[in-house]
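Worksheet for the structure shown next.
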Amino acid sequence: MAYEEVKVKKPLSLILLPILSVLTFFVVWELMVQLDVVPKTMLAAPTQVGSLFVTKLSDPNPDGATIFIHAWVSAQEAFIGYLLALGIGLPLGLFMGWFGVVRGIARPLFELIRPIPPIAWIPLTIFWFGIGLGGKVFIIWLGGVVPCVINAFVGVRMTNPTLIQMARTYGASDWQIFKTLCVPSALPMVFGALQIALACCWTNLVGAELLAADQGLGYLITMGRRLALPDLVVLGMVSVGLAGAAIGVLIDYVERRLLAGIRR
Amino acid sequence: MTPKIECRNITKFFIQKGKQRVHVLEDISLEVRDKEFLVILGPGQSGKSTLLRIIAGLETPNEGSIKLDGQQIAGPGPDRGLVFQSYMLFGWKTVMGNVELGPMLNGVDKSERRRIAQRYIDLVGLNGFEKHYPHQLSGGMKQRVGIARAYANNPKVMLLDEPFGQLDAQTRYFMEKETVRIWESEKRTVLFVTNNIDEAIYLGDRIVTLKGKLPGRMHEVYDVELPRPREHTDMKFLQLRQQITDASELVL
């Protein structure tokens with residue numbers, strides 16, 4: 001197709017607005033603390049958090065590890081739990097969507113277990129796994145597996161029925177229809193699941209570490225509370241937020257590459 | 001000579017909202033000859049798409065039988081290639097990926113199915129667009145992909161369900177010419193459903209008309225004995241057009 005390169009300009013105001021909004025947020029936050037609108041024992045100013053971050057890069061006090069180690073421990077737990085959630089939840093959801101037998105067996109059990117919040121599993125988890133890596137991974141897995149199953153299931157159920165008929169006129173078997181039609185057309189929903197599951201995993205990570213841990217970002221927040229150090233609490237929260245956002249951007253990039261044919 | 005497709009006394013009902021029985025087709029009998037271009041012409045709501053879907057094996061008739069090469073039809077199969085009005089391409093596959101679908105599903109190895117697909121992509125005039133995705137193509141080009149995909153599966157019969165219904169008048173006219181060109185360069189038995197009289201006369205060896213409003217019934221069969229390529233302004237073309245129009249107005 002013939003085309004010529006043109007530059008499409010975004011209005012300046014639309015470029016400036018996001019920057020302005022973030023800046024205003026931090027300035028107001030800083031001023032609230034500096035002018036004692038909020039007492040320093042209740043909230044730390046952004047500048048304090050920033051300087052604590054620099055200190056914590058090398059100083060393990062007062063919570064026993066540098067920020068990097070905390071982040072690394074959390075990332076390990078979250079990633080193992082997340083990958084297991086994807087590895088088990090997505091195939092299960094996809095199969096449930098297409099094969100009536102799998103749906104019949106798995107759906108009632110899934111619907112029973114689904115409404116139990118992962119944090120309610122913490123006591124049992126401690127009986128089973130102790131407070132090591134396994135227990136936390138299990139809690140994170142529980143949080144992540146639910147959206148994986150639901151999205152994959154719905155994605156397959158939403159496959160255009162005429163496309164299925166079309167594939168049948170081409171002599172496709174049930175398995176071939178599942179593989180070449182249902183799974184690709186469920187992909188946008190599956191990628192949605194990657195994002196949602198990640199959010200759930202991160203959330204549960206902090207929940208799991210609040211209760212039983214000696215390292216990790218969630219543990220950092222807990223220690224901040226015990227030691228009454230608001231800056232440590234906020235640093236932990238900001239770290240969880242930034243790491244989550246970074247992984248979100250990464251997934252978005254992968255999604256764009258893989259879904260080239262589906263205009264978004 | 002035995003007919004390629006033989007429909008005998010087909011009657012079809014649909015059950016709607018669980019309890020309403022809709023009578024769609026009543027006593028349809030027709031034969032399609034080998035390598036023939038047969039057009040089924042009928043207004044909206046005459047059950048012509050349902051008839052095509054029954055022949056494709058996607059619906060089962062309540063009464064009557066359909067035979068392909070003397071064999072009873074039971075369900076859809078690769079011996080009948082269906083081209084849909086709404087294209088029905090895989091949005092996540094390129095033109096090449098869509099056209100090679102049939103051979104791929106039947107386990108043809110990659111280089112061989114690429115060769116087959118390329119041949120039909122060239123035949124429908126999409127050379128150079130192999131790596132494009134459906135959303136990057138115009139309506140006419142999408143339907144070319146649909147036709148190439150059906151051809152690449154090497155069906156005995158091509159079933160086209162109002163394939164140009166979504167196209168603008170000019171593109172439609174052009175695609176009709178292309179359809180004749182493609183059919184003449186590689187003849188298959190074609191069953192073409194349309195609601196457009198000009199399209200029917202331009203394309204068909206024979207035209208079967210259905211009476212409008214459900215249930216659809218057989219009306220007339222016309223032999224189109226005009227030389228190809230046909231001209232819409234040819235005197236005989238216009239006479240036949242008048243004849244069909246007059247006959248269908250009697251029904252309405």
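The values are calculated or read from the model by the stated rules, or taken from the named source; none is laboratory data. Small disclaimer: the values here were computed from a predicted structure and weren't measured. Every residue, glycine among them, receives a Cβ derived from its backbone with ideal geometry; neighbour counts consider all protein chains shown. Just the protein is used for accessible areas: all its heavy atoms, side chains included, with ligands, DNA and RNA removed. Shrake-Rupley method; radii C 1.70, N 1.55, O 1.52, S 1.80 Å.
Here are the numbers:
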read-out	value
For the stretch B:161-190 and the stretch A:186-211, distance of Cα centres in Å	50 Å
Amide H contacts under 5 Å for B:I40, placed H, 5+ residues apart	B:F192, B:V193, B:T194, B:V208
For B:N62, distant residues with modelled amide H under 5 Å away	B:T11, B:K12, B:F13
Hypothetical label at B:V221: residues of the stretch B:177-209 whose amide nitrogen lies under 18 Å (7 Å Cα-Cβ projection)	B:189-194, B:201, B:204-209
Dimensionless Rg ratio for the stretch B:156-233, taking C-alpha atoms and the 2.2 N^0.38 Å reference	1.12
Rounded to 10°, Cα long-axis angle of helix A:133-157 versus longest principal axis of chain A	40 degrees
At least 40 Å² accessible surface lost relative to isolated chain, residues of the stretch B:74-88 (1.4 Å probe)	B:P76, B:F84, B:M88
Measure of compaction for the stretch A:1-112 (Cα Rg per 2.2 N^0.38 Å)	1.89
Antiparallel DSSP beta bridges within the protein assembly as shown, as percent of all bridges there, nearest 5	50 percent
Residues whose placed amide H lies under 5 Å from that of B:G216, excluding near-sequence neighbours	B:L25, B:E26
Summed residue charge, Cβ within 13 Å of B:T60's Cβ, Lys/Arg positive, Asp/Glu negative	0
Degrees, to the nearest 10: A:46-56 long Cα axis against longest axis of chain A	90 degrees
Most mobile of A:W72, A:W175, A:W141 in a GNM of chain A (Cα contacts under 10 Å)	A:W175
Net +/- balance of residues flanking A:A45 in space, Cβ distance below 13 Å, scoring K and R +1, D and E -1	-2
Computed P(r) (all Cα pairs; the protein assembly as shown; 10 Å bins; percent)	3, 14, 19, 18, 14, 11, 9, 7, 4, 1
Heavy-atom accessible area per residue - the protein assembly as shown, 1.4 Å, Å²	50 Å²
Sum of -39500 (n - 2.57) over DSSP H runs of 4+, divided by residues of the protein assembly as shown (222 nm, nearest 500)	-18000 deg cm²/dmol
Residues of the stretch B:160-192 with amide N under 20 Å of a point placed 7 Å along Cα→Cβ from B:H232	B:162-183, B:192
Orientation-averaged projected area, Cα convex hull of chain B (nm²)	14.5 nm²
In Å, descending, principal axis extents of the Cα set of the stretch A:37-176	69, 36, 31
Of B:K110/B:K131; B:K12/B:K211; A:K179/B:K67; A:K179/B:K93; B:K4/B:K187, those spanning more than 22 Å from alpha-carbon to alpha-carbon	A:K179/B:K67
The stretch A:1-50-the stretch B:116-140 distance, computed between alpha-carbon centres (Å)	48 Å
Principal axis box of the stretch A:80-258, alpha-carbon based, largest edge first, Å	69, 36, 21
Residues in the stretch B:90-133 that, when all protein chains are in place, have 30 Å² or more less accessible area than the chain alone would give (probe 1.4 Å)	B:F90, B:W92, B:L105, B:Y133
Apportionment of accessible area to carbon and sulfur, the stretch B:111-252, percent (1.4 Å)	48 percent
Total formal charge among the other residues, if their Cβ is under 15 angstrom from that of B:L203, Lys/Arg +1 and Asp/Glu -1	-2
Whole-Å distance, taken between Cα centres, linking the stretch B:207-252 and the stretch A:72-125	61 Å
Residue-wise HN-Hα coupling along the stretch A:113-122, computed from phi with Karplus coefficients 6.51, -1.76, 1.60 (Hz; x: Gly, Pro)	7, 3, x, 6, x, x, 5, 5, 7, 4
The stretch B:86-154 - Rg and Dmax from Cα coordinates, angstrom	10.6, 30
In the A-B interface, the accessible area buried, summed over both sides, Å² (probe 1.4 Å)	2100 Å²
Burial of 50 Å² or greater, the stretch A:158-182 residues [accessible area, probe 1.4 Å, versus chain by itself]	A:L163, A:Q165, A:M166, A:T169, A:Y170, A:T180
On Cα atoms only, tilt of A:217-226 relative to the major axis of chain A in degrees	30 degrees
